[in-house]
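> Before anything else, here's the structure in question.
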Amino acid sequence: MTDKKNLRTPIVCVMGHVDHGKTTLLDKIRGTAIVSGEAGAITQHIGATEVPMDVIVEKLGDPKLRDRFMVPGLLFIDTPGHHAFTTLRSRGGALADLAIVVVDVNEGFKPQTYESLQILKRFKTPFVIVANKVDRINGWNPNRDMPFAATFKKQSEQVQSLLDNRLYEVIGELYNQGFAADRYDRVTNFQKALGVIPASAVTGEGIPDVLMVLLGLAQRFLESNLEYSATGPGVGTVLEVKEEKGLGATADVILYDGTLKKGDTVVIGSLGEPIQTKVRALLKPRELSEIRYESKFRQIKKVTAAVGVKISAPGLDDALAGAPLRVADEETLEEIVEQVKSEIDEVRIDTDSMGVMIKADTIGSLEALVHEFQKEEVPIRKAEVGDISHRDVVEVSTVEDPLYSVLIGFNVKLHADSKEFLQGAQGSNVKVFTNDVIYRLIEDYQEYVKKQQELAEKKIFETIIRPGRFKILPGCVFRQSKPAVVGVRVLGGVVRTNTDVMLENGNAVGKIKGLQSAGDNISSARVGMEVAMAIDGATVGRQIKEEDYLFVNVPERHAKVLEHEIFESLSSDEQETLERFLEIKRKGNPFWAK
C-alpha cells in the first residue's frame, strides 16, 4: 500500500440548493474539529478547511481507524456550491476529489440540486448525498453529534417511518436522474450505488457518518489520484482573484501538488499571455473563527499540498479564476509558460457563426454553461470569461435575429456603461439574462424563444393571406359589375378585403374590394357569416353567377408558409379549405407551393 506521507489530503466540495444547509454543514464539520481536537489541531486555509485524520478518528471514537485509513484527513472547500466545483479545475477536469450534495430532506430536490448532480455526473466525481435537516421532522428527538444509527434507534416508530418515507422520495428522485442509491448503511458497493446519509447540520447527528463515508470513498477510489510530490514545484488552481486593502490584487489558490514558497516565480493563466510574477507574500487567516471574513492574515514562508493559500504578487489583476498556477525556475520557465498557455487554449469553445453570446465568471463555469446550452442545441456565437462590458452589448445589438441578440451571463455583473447602453434606443433589441443557476438561465432563454416564436407566428398570421371559401347566395345579386356586389356565405376559413378570389376550376375572377354586414363595413368575415361582398373585376353572368363556389386565391409563397410552417395553428375549417384549394392548384402543376 502507498505510504501515507505520499498521499495528499482529498479535496471535498459541498454542493446543493441555496438554504439547504451547505454552509451550516461546513460550519458544523469545522466546529466539530475544533471541539474534538486539541487547540490548533485543525488547519485553516484560504478557501478551505483541513480536518486532520487524528481529529476525525477521535470524533468517530475508534482509534483503530487511524491504521485503516491512509489519507491524512479531508480538505473541505469553504466556498459552498457548484461555483467552487466548476472553478477548481485541473487539466480540463475537476480538481475536487469528492463531493457532498446537501438536500433538505423535507423540501426535496430543487434547481441547484439537479444542477449539482448533472455536473458531478459529467465529471464522474464520487459523491454522497447528505439528507439534511432531519431535526426538522415533526416529533424528532435530537441527540447531539450522535452517529445516525444510534440517534435513529432513539426515535419513535412514527418518526422513523416519516424519515423513511422522506428518504424513499430522495432515493426515487435520484433514480429518476439516473443514479442507483440507498441509505448509506444499506449500500454494499459504493461504486454501483450512491450513499444517502440522513443528518442534521444543526445538531450534528449523522455528521460522524458523513466523515466516515467520505474517508471510505477516498480510500477505495482515490488512492492512486492522491499521490503527490511534497518537494516538487507547486501546482495549483486559482479559486478567486480579489483586492485586499494594502495588498492590491491577490489570488486565492488551492495548491494540490508540490510546495510553494515566498519568493518563488509563478506562472498563472490569464485571458492574454500567462502572467509571470514573483510571490511577495503567502498569507493565511490568523484564526479559524475569521475564515468567513479573512480580514487579518499572517505571513508564512511556504506551503505544501493540499492547501488553500492567498498569494500577494505584482500583476495579478488579470489572473483568471479557474486558471492554473505553476512554480517555475530559470530552466523551466519557458516550458511552463507554454504549458499554462496551452491549458488555457484548451478551453476554446466551439462556436457557431450565429447564436447567443455567453459570459461567465470563471473558466470552469464557462465550460459548464456552454456544455449545457449545447446539450439543449442552443447555438453559441461567442463564449468568454468576464463581466458584461459595453463592448459586449454593442456587439450583440448589431445582431438582427431576436433569438440571437441575446447575452447570457452566469454569475457576472453588468458594467454601468452596459446598463446605460441597454436603456437607450440602440440597445433596445438586446435581451440580457443573468443568474447563478445554469438551468434557470436555460429555462429563461427557452421561455424567451417560445415567446419570440409566438410573436413571429402572430406577425405571420397578421400579414399572411389565409385560406377562405364562400358561396354566392341565390337571389342576392345587388349589382352586376364595376364592382359586382353579391351576397355570400363563408363556408370555410376567412375572407378579407383586398384579396384575390378564384372559382373552383382555378380561374381568377377579381379582387374583394369591400365587405358589409348589417350595413356596416367590415374588414373580414369568418366561417358561417353571411355578408355583402364587392368583387372588382368580375361581372355577374359572365365570370361569376349565383350559387358559384369561390376560394380566396392565396399567393404561392403564402400557401407554402400555411402548409409547411403554420398548418397546425390553423382551425380545422381553415385546414380543410387550404387542402381543397391546394388540390385545385396542383391539378395543373403538382409542384405548386411545394
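No value in this document is a laboratory result; all are computed from the given coordinates. Quick caveat, the model's predicted, so the values are computed rather than measured. Cβ placement follows ideal geometry from the backbone for every residue including glycine, while neighbour counts extend to all protein chains displayed.
> At 7 Å along Cα-to-Cβ for each site, give me the label-to-label distance between residue 387 and residue 461 in nm.
Result for the modelled spin labels: 4.3 nm.
> Right, next: Determine, from the Cβ-Cβ distance of residue 188 and residue 354 and an R0 of 56 Å, the FRET efficiency 1/(1 + (r/R0)^6), rounded to the nearest 0.05.
0.60
> Okay, moving on. Using alpha carbon centroids, what distance separates region 482-507 and region 87-159, in Å?
69 Å
> Here is a follow-up. For residue 476, project a label point 7 Å along Cα to C-beta. Then give me every residue of region 516-531 with its amide nitrogen under 11 Å of that point.
516-518, 528-531
> Using just the alpha carbons, could you tell me how many Å³ per residue the convex hull of region 4-226 encloses?
117 Å³
> How many angstrom lie between the C-alpha centres of region 202-273 and region 529-594?
72 Å
> Loop-only chymotrypsin sites (Phe, Trp or Tyr not before Pro) in region 488-594, please: DSSP not H, G, I, E or B, and at most 16 other Cβ atoms within 10 Å.
591, 592
> Fewest to most neighbouring Cβ within 10 Å: what's the order for 243, 173, 50?
Least to most surrounded, the residues fall as 243, 173, 50.
> Quick one: length gained pulling residue 371 to residue 583 fully straight, 0.36 nm per residue minus the C-alpha distance?
So the extension gain works out to 71.6 nm.
> Can you figure out the FRET efficiency of residue 243 with residue 524, using R₀ = 56 Å and their beta-carbon distance, to the nearest 0.05?
Here the calculated transfer efficiency is 0.30.
> What length, rounded to one decimal in nm, is gained on full extension from residue 107 through to residue 261, with 0.36 nm per residue of separation minus their alpha-carbon distance?
Length gained between residue 107 and residue 261: 50.8 nm.
> Can I ask one more? I need the phi-derived Karplus couplings for region 426-434: 6.51 cos²θ - 1.76 cosθ + 1.60, θ = phi - 60°, integer Hz, Gly and Pro marked x.
Each residue of region 426-434 in turn: 5, x, 5, 8, 8, 10, 10, 10, 10 Hz.
> Which of 455, 414 has the fewest other C-beta atoms within 10 Å, and how do the rest follow up to the most?
455, 414
> Kindly put 586, 280 in sequence by how many other C-beta atoms sit within 10 Å of each C-beta, fewest to most.
Lowest to highest Cβ neighbour count: 586, 280.
> Let me ask something else about it. Roughly what % of DSSP beta bridges within the chain run antiparallel, to the nearest 5?
Antiparallel bridges: around 70 percent, rounded to the nearest 5.
> Rg over Rh of the chain, using C-alpha atoms and the Kirkwood radius, what does it come to?
Taking Rg over the Kirkwood Rh, I get 1.19.
> Another question, then. Can you compute the FRET efficiency between residue 67 and residue 227 using 1/(1 + (r/R0)^6), with r the Cβ-Cβ distance and R0 = 25 Å? Round to the nearest 0.05.
Computed FRET efficiency for residue 67 and residue 227: 0.80.
> So for the pair residue 345, residue 161, with labels modelled 7 Å out along Cα→Cβ, what separation do we get in nm?
6.6 nm
> Using a 7 Å offset from the Cα along the Cα-to-Cβ direction at both residue 394 and residue 568, what is the distance between the two label points in nm, to one decimal?
Roughly 4.2 nm, to one decimal.
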